[in-house]
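Undergrad: One structure follows; several queries about it will come next.
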Amino acid sequence: GRVDGQVKVQGYRIELGEVEAVLAAHPGVQKCVVLVVTGQLVAYWVSKAGHELSAQELRSWLAERLPAYLVPGRCVAIESVPLSANGKVDRSALSALSAKEEAAVAQVPLPAADSAVVAVLAGIVSEVVGVESVEVEANLLELGVNSVGVIRIANRVEQELGYRPPIEAFYRHPTIGALAVAYEEHRSSEPVEVEAPKLSTELLREPEEREAFKKRRHGLRAGTPAQKQIQLAISEAGKTFRQAHGRRRSYRQFAQAPIALESFSNFLSCLGQTQDSGDPQYLYPSAGSAYPVQTYLHIKAGRIAGLEPGTYYYHPAEHRLVLLTADVELEPEIHDPFVNRPIFAEAAFSIFLVAQLAAIAPLYENARDFCLLEAGYMSQLLMMAAPGFELGLCPVGGLDFEKIRLLFDLENHHVYLHGLLGGLIGSQLPPASAESLNPEDWEVLEL
């Protein structure tokens with residue numbers, strides 16, 4: 001730890017005072033201290049008179065208000081905070097208390113898990129850690145498993161066993177044995193599946209039926225002879241506008257040459273703030289001028305000149321990219337295997353529109369609806385701007401954002417809304433015509 005209370009745990013720079021402030025806000029906590037013990041956050045608390053609190057209650061309280069990496073692995077109840085001779089917190093005494101608790105916990109064996117399940121988990125962890133074998137009760141965090149490794153383990157467990165271990169639970173009990181027990185508990189508590197009632201309209205699955213349905217154009221309202229109808233003319237100005245934006249379409253193929261950073265910067269500037277003083281203004285509207293929808297990106301290695309691979313936050317007021325997780329590639333499995341995964345394979349970058357609900361919820365009851373509208377405005381603006389810089393975008397649905405959420409250092413109030421894949425429009429790609437203004441070219445944005 002450092003004198004100023006800032007420490008580094010699992011690759012994250014953490015202010016211990018930030019965790020203590022949230023813990024102290026609990027109505028049943030009188031005093032609290034947060035330390036790092038054997039590479040793990042540990043919270044010590046003194047309960048107020050008349051309040052009986054459990055460690056699980058406090059962890060849940062913290063998990064609702066802090067990102068997963070800030071939630072202490074253990075919470076220890078104490079009668080009073082030990083002080084040194086000069087009146088400061090006696091951290092060595094608290095560490096000794098934690099060591100005693102660990103020894104006591106170690107003497108209580110976990111429930112036995114299926115040996116076959118343990119073998120599968122051990123194989124997954126060994127691959128991620130890069131060693132031949134890992135002890136069932138070894139602390140995986142101490143073996144060097146970082147936040148990216150945690151995501152890889154969770155993804156592999158979900159693929160192999162159909163169960164995704166919660167990230168918060170993993171940080172609290174980072175062992176193969178605890179993973180196996182959690183899986184067994186999940187399997188035993190799974191509800192019996194009940195067939196969902198059928199919708200009033202049958203879902204069309206055959207490609208021919210779907211195409212015939214679209215051609216009937218049910219989205220258009222037919223007029224009647226009794227209704228007065230006025231034919232509207234399109235002037236040269238209108239035709240010029242349509243031609244200028246005729247390249248707006250969903251691009252599903254991309255050239256593999258690197259994108260110039262200048263072009264990429266100019267492209268992102270369409271989301272940037274256009275006024276430096278007074279109320280911020282943008283090229284798209286937002287309910288109450290709150291602008292709660294944030295833009296995150298993932299850049300592949302070597303695909304944008306001058307940018308290292310990793311995840312980024314785009315700061316619209318300062319027009320800059322903030323690196324969040326360096327040198328990381330996204331797993332193709334987050335995308336649908338038949339439609340979007342091949343597009344992702346060619347794409348140079350991914351864009352994720354994420355709502356920070358804390359920035360709008362105090363203003364509106366239906367905050368998420370307004371965020372979805374804003375994401376739609378932003379997506380259309382991006383798709384209109386991209387071709388002007390020889391870039392193409394493809395909106396994607398069905399993206400499993402939870403598998404990569406930890407890479408973006410998000411809070412509990414962050415909600416993923418929509419994603420797009422993008423890349424360089426190659427000269428070998430078929431040119432887009434004015435017909436691409438047809439709304440049928442869009443992928444579905446699921447609300």
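Undergrad: Determine, yes or no, whether Q273 is in contact with an Asp or Glu (Cβ under 7 Å, 6 or more places away or on another chain), part of a loop (DSSP other than H, G, I, E, B) and at pLDDT 85 or above.
TA: Details: in contact with an Asp or Glu (Cβ under 7 Å, 6 or more places away or on another chain): no; part of a loop (DSSP other than H, G, I, E, B): yes; at pLDDT 85 or above: yes.
Taking the combined requirement at face value, the residue does not satisfy it.
Undergrad: Tell me, yes or no, whether the range 19-30 has at least one residue that is modelled with pLDDT of 90 or more, surrounded by 13 or more Cβ atoms within 10 Å (Cβ to Cβ), out of contact with any helix residue (DSSP H, G or I) (no Cβ under 7 Å at 6 or more places or on another chain) and assigned to a strand (DSSP E or B).
TA: So far as the range 19-30 goes, yes, one or more of its residues are modelled with pLDDT of 90 or more, surrounded by 13 or more Cβ atoms within 10 Å (Cβ to Cβ), out of contact with any helix residue (DSSP H, G or I) (no Cβ under 7 Å at 6 or more places or on another chain) and assigned to a strand (DSSP E or B).
Undergrad: Quick one: count up the residues across the range 339-373 that are closer than 24 Å to I151 by Cβ, at pLDDT below 95 and assigned to a loop (DSSP other than H, G, I, E, B).
TA: Final tally of qualifying residues: 1.
Undergrad: Related question: Would you check which residues across the range 35-53 are without any contact (Cβ under 8 Å) to a residue 60 or more places away in the chain and under 27 Å from the mean Cα position of the chain (by Cα) and list them? It would help to see each step written out before you state the result.
TA: Step one: list which residues in the range 35-53 are without any contact (Cβ under 8 Å) to a residue 60 or more places away in the chain, which gives 36, 41-53.
Within the range 35-53, V36, L41, V42, A43 meet the criteria.
Undergrad: Among (1) modelled with pLDDT under 55; (2) loosely packed, with under 11 Cβ neighbours inside 10 Å, there is one condition A112 misses while meeting the rest; what is its number?
TA: Unmet condition: (2).
Undergrad: Of the conditions (1) at positive phi; (2) surrounded by fewer than 19 Cβ atoms within 10 Å (Cβ to Cβ), Y291 fails just one. Which one is it?
TA: Looking at each condition in turn, Y291 falls short on (2).
Undergrad: Which members of the range 214-248 meet the condition of being surrounded by 10 or more Cβ atoms within 10 Å (Cβ to Cβ) and either within 26 Å of L420 (Cβ to Cβ) or touching a residue at least 40 places away in the same chain (Cβ under 8 Å) (or both)?
TA: Scanning the range 214-248 gives K214, F241, R242, Q243, A244, H245, G246, R247, R248.
The values are calculated or read from the model by the stated rules, or taken from the named source; none is laboratory data. Since the structure is predicted, the reported quantities are computational estimates derived from the model, not experimental observations. Neighbour counts run over all protein chains shown; Cβ positions are idealised from the backbone, glycine included.
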